Amino acid sequence: MIRVELALMLRRRRVWLCWALLCALPALVAVLLATTRLAPAPGRGGAFLSAVVSNGQLFPAAALALVLPVFLPITVAVVAGDAIAGEASAGTLRYLLVRPVGRLRLLVAKLVSVTAFVLLAVLLVTITGYAVGVAAFGFGPDAALGGGGGIASLSGAVLTPAQLLVRTAGTVAYLALCMLALGALGLFFSTLTDSPLAAALGVLAVVVTSAVLLPLDAAAAIRTYLPTTHWLAWIDLYRDPVLWPSLRRGALVQLGWVTVAFGAAWANFATKDITS
(Lines give C-alpha, C1' and ligand atoms only; values in the text may rest on other atoms or scores of the structure.)
Protein backbone atom coordinates (compact mmCIF):
# COMPACT_ATOMS: atom_id res chain seq x y z
CA MET A 1 0.00 0.00 0.00
CA ILE A 2 2.77 2.42 0.91
CA ARG A 3 4.68 1.55 -2.26
CA VAL A 4 1.55 2.22 -4.34
CA GLU A 5 0.98 5.61 -2.71
CA LEU A 6 4.61 6.64 -3.23
CA ALA A 7 4.41 5.63 -6.89
CA LEU A 8 1.18 7.60 -7.33
CA MET A 9 2.74 10.67 -5.75
CA LEU A 10 5.75 10.54 -8.07
CA ARG A 11 3.50 10.23 -11.12
CA ARG A 12 1.46 13.34 -10.35
CA ARG A 13 2.42 16.40 -12.37
CA ARG A 14 1.33 18.84 -9.68
CA VAL A 15 3.84 17.30 -7.27
CA TRP A 16 6.70 17.89 -9.70
CA LEU A 17 5.36 21.37 -10.40
CA CYS A 18 5.43 22.16 -6.67
CA TRP A 19 9.04 20.99 -6.42
CA ALA A 20 10.02 22.97 -9.52
CA LEU A 21 8.45 26.18 -8.18
CA LEU A 22 10.14 25.72 -4.81
CA CYS A 23 13.54 25.40 -6.47
CA ALA A 24 12.90 28.23 -8.94
CA LEU A 25 12.63 30.96 -6.30
CA PRO A 26 16.11 30.46 -4.76
CA ALA A 27 17.60 30.10 -8.25
CA LEU A 28 16.05 33.42 -9.29
CA VAL A 29 17.33 35.16 -6.16
CA ALA A 30 20.83 33.74 -6.76
CA VAL A 31 20.83 35.05 -10.33
CA LEU A 32 19.74 38.52 -9.17
CA LEU A 33 22.34 38.66 -6.41
CA ALA A 34 25.10 37.40 -8.68
CA THR A 35 24.17 39.91 -11.37
CA THR A 36 23.78 42.98 -9.17
CA ARG A 37 25.99 42.07 -6.17
CA LEU A 38 23.48 44.05 -4.09
CA ALA A 39 23.06 41.79 -1.07
CA PRO A 40 20.84 42.98 1.80
CA ALA A 41 22.61 44.58 4.73
CA PRO A 42 23.17 42.29 7.76
CA GLY A 43 19.92 41.98 9.69
CA ARG A 44 17.78 42.89 6.69
CA GLY A 45 16.19 40.61 4.10
CA GLY A 46 16.17 36.83 4.35
CA ALA A 47 18.46 34.93 6.69
CA PHE A 48 22.04 34.48 5.38
CA LEU A 49 21.41 36.56 2.23
CA SER A 50 23.92 39.18 3.35
CA ALA A 51 26.66 36.52 3.56
CA VAL A 52 26.07 34.39 0.46
CA VAL A 53 27.71 36.85 -1.93
CA SER A 54 31.07 36.09 -0.32
CA ASN A 55 30.49 32.34 0.12
CA GLY A 56 28.06 30.29 -1.99
CA GLN A 57 28.18 27.37 0.45
CA LEU A 58 25.78 29.29 2.68
CA PHE A 59 23.17 29.64 -0.03
CA PRO A 60 21.31 26.39 0.87
CA ALA A 61 20.45 27.96 4.25
CA ALA A 62 19.37 31.17 2.51
CA ALA A 63 17.29 29.16 0.03
CA LEU A 64 15.45 27.36 2.82
CA ALA A 65 14.79 30.67 4.57
CA LEU A 66 13.34 32.07 1.34
CA VAL A 67 10.79 29.28 0.79
CA LEU A 68 9.87 28.67 4.44
CA PRO A 69 7.42 31.51 5.18
CA VAL A 70 5.04 31.08 2.22
CA PHE A 71 5.93 28.75 -0.65
CA LEU A 72 6.82 25.62 1.34
CA PRO A 73 3.68 25.69 3.55
CA ILE A 74 1.47 26.26 0.49
CA THR A 75 2.88 23.28 -1.41
CA VAL A 76 2.58 21.03 1.64
CA ALA A 77 -1.00 22.18 2.19
CA VAL A 78 -1.91 21.48 -1.44
CA VAL A 79 -0.41 17.97 -1.48
CA ALA A 80 -1.61 16.92 1.98
CA GLY A 81 -5.08 18.37 1.44
CA ASP A 82 -5.45 16.20 -1.64
CA ALA A 83 -4.56 12.98 0.20
CA ILE A 84 -8.08 11.78 1.13
CA ALA A 85 -10.25 14.56 -0.27
CA GLY A 86 -8.74 14.04 -3.72
CA GLU A 87 -9.78 10.40 -3.70
CA ALA A 88 -13.27 11.39 -2.54
CA SER A 89 -13.72 14.10 -5.17
CA ALA A 90 -12.58 11.70 -7.89
CA GLY A 91 -15.04 9.07 -6.66
CA THR A 92 -12.33 6.48 -6.00
CA LEU A 93 -12.27 6.46 -2.19
CA ARG A 94 -15.28 4.17 -1.81
CA TYR A 95 -13.88 1.68 -4.32
CA LEU A 96 -10.46 1.86 -2.68
CA LEU A 97 -11.94 0.82 0.67
CA VAL A 98 -13.94 -2.03 -0.91
CA ARG A 99 -10.64 -3.84 -1.22
CA PRO A 100 -9.23 -5.41 1.97
CA VAL A 101 -7.50 -2.17 2.95
CA GLY A 102 -8.05 -0.99 6.50
CA ARG A 103 -8.74 2.70 7.01
CA LEU A 104 -5.82 3.07 9.41
CA ARG A 105 -3.52 1.39 6.91
CA LEU A 106 -4.70 3.78 4.19
CA LEU A 107 -4.13 6.80 6.44
CA VAL A 108 -0.63 5.60 7.35
CA ALA A 109 0.19 5.12 3.66
CA LYS A 110 -1.06 8.63 2.91
CA LEU A 111 1.02 10.06 5.77
CA VAL A 112 4.13 8.27 4.51
CA SER A 113 3.48 9.70 1.04
CA VAL A 114 3.16 13.22 2.47
CA THR A 115 6.33 12.66 4.50
CA ALA A 116 8.22 11.64 1.36
CA PHE A 117 6.95 14.73 -0.47
CA VAL A 118 8.02 17.02 2.39
CA LEU A 119 11.46 15.48 2.75
CA LEU A 120 12.13 15.55 -0.99
CA ALA A 121 10.91 19.15 -1.20
CA VAL A 122 13.34 20.33 1.48
CA LEU A 123 16.17 18.23 0.02
CA LEU A 124 15.63 19.52 -3.51
CA VAL A 125 15.65 23.14 -2.32
CA THR A 126 18.86 22.47 -0.38
CA ILE A 127 20.61 20.75 -3.29
CA THR A 128 19.48 23.41 -5.75
CA GLY A 129 20.59 26.12 -3.34
CA TYR A 130 24.05 24.60 -3.04
CA ALA A 131 24.44 24.14 -6.79
CA VAL A 132 23.37 27.65 -7.77
CA GLY A 133 25.11 29.20 -4.77
CA VAL A 134 28.50 27.69 -5.55
CA ALA A 135 28.06 28.36 -9.27
CA ALA A 136 27.16 32.02 -8.66
CA PHE A 137 29.35 32.92 -5.68
CA GLY A 138 32.04 30.24 -5.42
CA PHE A 139 33.42 28.60 -2.29
CA GLY A 140 34.58 31.81 -0.62
CA PRO A 141 37.89 33.68 -0.55
CA ASP A 142 39.56 31.22 1.83
CA ALA A 143 39.00 28.34 -0.58
CA ALA A 144 40.39 30.39 -3.47
CA LEU A 145 43.54 30.97 -1.47
CA GLY A 146 43.84 27.34 -0.46
CA GLY A 147 42.68 27.95 3.09
CA GLY A 148 40.17 25.10 3.20
CA GLY A 149 37.01 27.13 2.56
CA GLY A 150 36.05 27.77 6.19
CA ILE A 151 32.68 29.42 6.78
CA ALA A 152 31.97 31.90 9.55
CA SER A 153 29.11 30.82 11.84
CA LEU A 154 26.52 33.25 13.21
CA SER A 155 28.57 33.35 16.42
CA GLY A 156 31.76 34.30 14.59
CA ALA A 157 33.55 30.94 14.87
CA VAL A 158 34.72 29.30 11.65
CA LEU A 159 32.97 26.13 10.51
CA THR A 160 34.66 23.62 8.24
CA PRO A 161 32.79 22.45 5.11
CA ALA A 162 32.18 19.11 6.86
CA GLN A 163 30.64 20.85 9.88
CA LEU A 164 28.50 22.97 7.58
CA LEU A 165 27.30 19.82 5.80
CA VAL A 166 26.27 18.19 9.08
CA ARG A 167 24.42 21.30 10.22
CA THR A 168 22.67 21.65 6.89
CA ALA A 169 21.55 18.02 7.15
CA GLY A 170 20.17 18.82 10.60
CA THR A 171 18.34 21.80 9.13
CA VAL A 172 16.78 19.60 6.44
CA ALA A 173 15.56 17.14 9.07
CA TYR A 174 14.19 19.88 11.34
CA LEU A 175 12.33 21.74 8.61
CA ALA A 176 10.96 18.47 7.22
CA LEU A 177 9.52 17.77 10.67
CA CYS A 178 7.98 21.26 10.82
CA MET A 179 6.35 20.78 7.42
CA LEU A 180 5.24 17.26 8.34
CA ALA A 181 3.19 18.83 11.13
CA LEU A 182 1.37 20.81 8.43
CA GLY A 183 1.10 17.65 6.35
CA ALA A 184 -0.60 15.83 9.22
CA LEU A 185 -2.98 18.77 9.62
CA GLY A 186 -3.70 18.60 5.90
CA LEU A 187 -4.46 14.90 6.23
CA PHE A 188 -6.91 15.67 9.04
CA PHE A 189 -8.71 18.39 7.07
CA SER A 190 -8.71 16.07 4.08
CA THR A 191 -10.86 13.61 6.04
CA LEU A 192 -13.40 16.34 6.82
CA THR A 193 -14.25 17.33 3.26
CA ASP A 194 -14.46 16.08 -0.29
CA SER A 195 -12.75 19.24 -1.56
CA PRO A 196 -8.92 19.24 -1.74
CA LEU A 197 -8.98 23.03 -1.98
CA ALA A 198 -11.00 23.36 1.22
CA ALA A 199 -8.57 21.04 3.02
CA ALA A 200 -5.57 23.05 1.80
CA LEU A 201 -7.24 26.29 2.87
CA GLY A 202 -7.81 24.78 6.32
CA VAL A 203 -4.06 24.20 6.72
CA LEU A 204 -3.23 27.70 5.51
CA ALA A 205 -5.82 29.13 7.91
CA VAL A 206 -3.97 27.44 10.81
CA VAL A 207 -0.65 28.87 9.57
CA VAL A 208 -2.04 32.39 9.20
CA THR A 209 -3.78 32.25 12.58
CA SER A 210 -0.57 31.09 14.24
CA ALA A 211 1.42 33.89 12.56
CA VAL A 212 -1.15 36.49 13.67
CA LEU A 213 -1.21 35.28 17.28
CA LEU A 214 2.56 34.93 17.57
CA PRO A 215 3.42 38.59 18.33
CA LEU A 216 0.41 39.18 20.60
CA ASP A 217 1.09 39.44 24.34
CA ALA A 218 -2.43 38.15 24.96
CA ALA A 219 -1.39 34.86 23.34
CA ALA A 220 1.71 34.42 25.50
CA ALA A 221 0.23 31.40 27.31
CA ILE A 222 -0.17 29.43 24.08
CA ARG A 223 2.70 30.91 22.05
CA THR A 224 5.02 27.95 22.66
CA TYR A 225 2.45 25.56 21.21
CA LEU A 226 1.70 27.47 18.02
CA PRO A 227 2.94 25.58 14.94
CA THR A 228 4.93 28.51 13.49
CA THR A 229 6.61 29.58 16.73
CA HIS A 230 9.68 27.39 16.32
CA TRP A 231 10.07 27.41 12.54
CA LEU A 232 13.19 29.58 12.70
CA ALA A 233 14.87 27.60 15.48
CA TRP A 234 16.97 25.84 12.78
CA ILE A 235 19.05 29.01 12.50
CA ASP A 236 20.61 28.07 15.85
CA LEU A 237 22.27 25.14 14.09
CA TYR A 238 24.56 27.69 12.43
CA ARG A 239 25.81 29.02 15.74
CA ASP A 240 28.85 27.71 17.54
CA PRO A 241 28.11 26.13 19.91
CA VAL A 242 24.67 25.04 18.70
CA LEU A 243 21.79 26.29 20.86
CA TRP A 244 20.07 22.95 21.37
CA PRO A 245 17.27 23.93 23.83
CA SER A 246 15.28 25.87 21.21
CA LEU A 247 15.69 23.04 18.68
CA ARG A 248 14.58 20.37 21.15
CA ARG A 249 11.57 22.44 22.18
CA GLY A 250 10.63 23.06 18.57
CA ALA A 251 10.98 19.39 17.63
CA LEU A 252 8.76 18.32 20.54
CA VAL A 253 6.07 20.84 19.60
CA GLN A 254 6.08 19.69 15.97
CA LEU A 255 5.94 16.03 16.99
CA GLY A 256 2.99 16.92 19.19
CA TRP A 257 1.17 18.48 16.24
CA VAL A 258 1.89 15.43 14.08
CA THR A 259 0.57 13.07 16.76
CA VAL A 260 -2.57 15.07 17.55
CA ALA A 261 -3.42 15.81 13.91
CA PHE A 262 -2.93 12.24 12.76
CA GLY A 263 -4.91 10.94 15.75
CA ALA A 264 -7.76 13.31 14.89
CA ALA A 265 -7.62 12.23 11.24
CA TRP A 266 -7.85 8.57 12.23
CA ALA A 267 -10.67 9.20 14.75
CA ASN A 268 -12.72 11.01 12.11
CA PHE A 269 -11.91 8.73 9.18
CA ALA A 270 -12.52 5.53 11.14
CA THR A 271 -16.14 6.48 11.85
CA LYS A 272 -16.91 8.42 8.67
CA ASP A 273 -19.56 7.23 6.20
CA ILE A 274 -17.89 7.01 2.80
CA THR A 275 -20.35 8.03 0.09
CA SER A 276 -17.97 9.05 -2.67
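The values are calculated or read from the model by the stated rules, or taken from the named source; none is laboratory data. Since we're looking at a predicted model, the values are computed, not measured. So basically every Cβ, Gly included, is an ideal-geometry build from the backbone, and we count neighbours across all protein chains shown. We work out accessible area using only protein heavy atoms, side chains counted, and drop any ligands, DNA or RNA first. Shrake-Rupley method; radii C 1.70, N 1.55, O 1.52, S 1.80 Å.
Six or more apart or on different chains, Cβ atoms under 6 Å: show the pairs whose first residue is in segment 3-24 and in contact (Cβ under 8 Å) with a residue 40 or more places away in the chain and whose second is open to solvent by 50 Å² or more (accessible area, probe 1.4 Å).
What qualifies is TRP19/LEU124; LEU22/PHE71; CYS23/LEU124.
This table checks each residue for (1) touching a residue at least 12 places away in the same chain (Cβ under 8 Å); (2) farther than 26 Å from VAL125 by Cα; (3) surrounded by 15 or more Cβ atoms within 10 Å (Cβ to Cβ).
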site	(1), (2), (3)
LEU182	yes, no, yes
ASP217	no, yes, no
ILE222	no, yes, no
LEU247	yes, no, yes
LEU255	yes, no, no
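Looking at (1) touching a residue at least 60 places away in the same chain (Cβ under 8 Å); (2) surrounded by fewer than 18 Cβ atoms within 10 Å (Cβ to Cβ); (3) within 20 Å of PRO73 (Cβ to Cβ), which is the one condition that is false for LYS272?
That leaves (3) as the condition not met.
Would you mind listing the helices (runs of 4 or more DSSP H) fully within segment 1-81 where at least 2 residues are open to solvent by 10 Å² or more (accessible area, probe 1.4 Å) and among the basic types (Lys, Arg)?
Output list reads 2-11, 13-36.
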